[in-house]
Amino acid sequence: MEKDDKKTDNTEQKLVTVAIHSYEKAVILKTILESEGIPAVIHGVSIIQPTVPGNVRVRINESDLPRALTIIEQVDFTSNVESVDDLDKVKIKNEILIPVDFSSYTLKTCEFGFNLAYDTGCEVKLIHSFFTPYYPIAIPFGDSFSVQTSDKELYKDIRVKIESEMNALVKNIHKRIANKELPDVKFTHLLMEGLPEEEIISYSKKQRPRAIVMGTRGSNAKDLDLIGSVTAEVIDGCRTPIFAIPENSKDQDISQMKNILFLINFREREFKAFDIMMNFIKPYPIKIYLAHVAKKEDVWDAIKLSGTQKYLEEQYPDLDIDYKVIDRDKQLEVVLEEFVEEYKVDMIALSSSRRGLFARIFNPGIARRMLFHSDTPLLVIKGV
């Protein structure tokens, strides 16, 4: 008996999570992988914590990971609006989207989002998406996946609990507005069923809010899965500007910020991203540090930074702009944190392109890396 247990443990240790999806999409991915000769299993549905994102995991043998990732690269479940042209036809709404999870730092995220909405003349939309392990009986279940209960009362209990938490949050916000702890901004709320990252991305593509404000655990992140946090997934799959507010960031909004670090890599899209950033911060006297991170200081980097500074000063004559070449003599997140501390940076901003799953895991972008290593607010501007 002991030998069998050891054998089972060894087998489990060889399994790795390669994707996190709703059950239906997980089945599709499992079928695709198995058609390519890669065994896959689905499990991890939590009855105890049904609202935790990513409860349905597709797992494979660790030895199959490189080949599986190559296959998964071609699978995109987030493209509800397929093309950039289609997205551009959807008018941007004067709305700040704030996904909430009722955690201890939800109110900090709301505080930043409501102040941003007030500064930009927008309304606020609070959304919460919840995952439930209940599925209609018509959905076929494979041998590798089963739900222990078919009781619809489970779904009802989850729904009632979520509605109660949302109503409590809404009541708290109204109270804070009445006490002038939050600006008097019109807001509504919405509950959606599904994985949070997928629902947020879908809403953003259909409704085009001006910005998304999300909380993140920052340097306190523990037990990260292979794919990462909900905020990281939304950053990777969404074109809407995203403010990521770490749990331990300073209690302040943009109006209180003094210094912003804008990372550039001398790409054309960064000028558009800079303009979008200025639409959020232009009412305030904030100093901008243009910075390029290189393995070692290069005279051409300094020359290009100087030229970029002069161009932006012409476009924004009242803006205080400086530039720095950051010597990457240590890990990226370390040198950035040192810069943040030395220059008292209140927020890091950057333009980011869409990255594939393989690249995200083995060569993570700056935005994703900073999410898990920094307590500094982050503004990520995508798709420009």
Computed FRET efficiency, Cβ-Cβ of residue 189 and residue 306, R0 51 Å: what is it to the nearest 0.05? 0.60
With DNA, RNA and ligands ignored, accessible area of residue 249 (1.4 Å probe; Å², nearest 10): 10 Å²
Per-residue accessible area for residue 284 at 1.4 Å probe radius, Å² rounded to 10? 60 Å²
If amide H atoms are modeled at 1.01 Å from N in the peptide plane, then the residues at a separation of 5 or more from residue 95, or on another chain, having amide H under 5 Å from its own are 123, 210, 211
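Checking the a/c ratio against 1.5 first, then a/b against b/c, what shape does the Cα gyration tensor give for the stretch 286-343?
Oblate, because a/c is 1.5 or more while a/b does not exceed b/c.
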Taking placed amide H atoms and a strict 5 Å upper bound, the residues 5 or more places from residue 293 or on another chain that come that close are 264, 326
Please compute the modelled spin-label separation between residue 279 and residue 103, points set 7 Å along Cα→Cβ, answer in nm with one decimal. 2.8 nm
Whole-Hz ³J(HN,Hα) from phi, Karplus 6.51 cos²θ - 1.76 cosθ + 1.60, for the stretch 335-348, glycine and proline x: 5, 5, 5, 5, 5, 4, 5, 5, 9, 6, 6, 9, 7, 9
Computed accessible area, residue 123, all protein chains, 1.4 angstrom probe, square angstrom: 80 Å²
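The values are calculated or read from the model by the stated rules, or taken from the named source; none is laboratory data. Source: prediction; values computed, not measured. Positions of Cβ are generated from backbone atoms using ideal geometry, with glycine treated the same way; all protein chains shown enter the neighbour counts. Note: areas computed on protein heavy atoms with side chains; ligands, DNA, RNA excluded. Shrake-Rupley method; radii C 1.70, N 1.55, O 1.52, S 1.80 Å.
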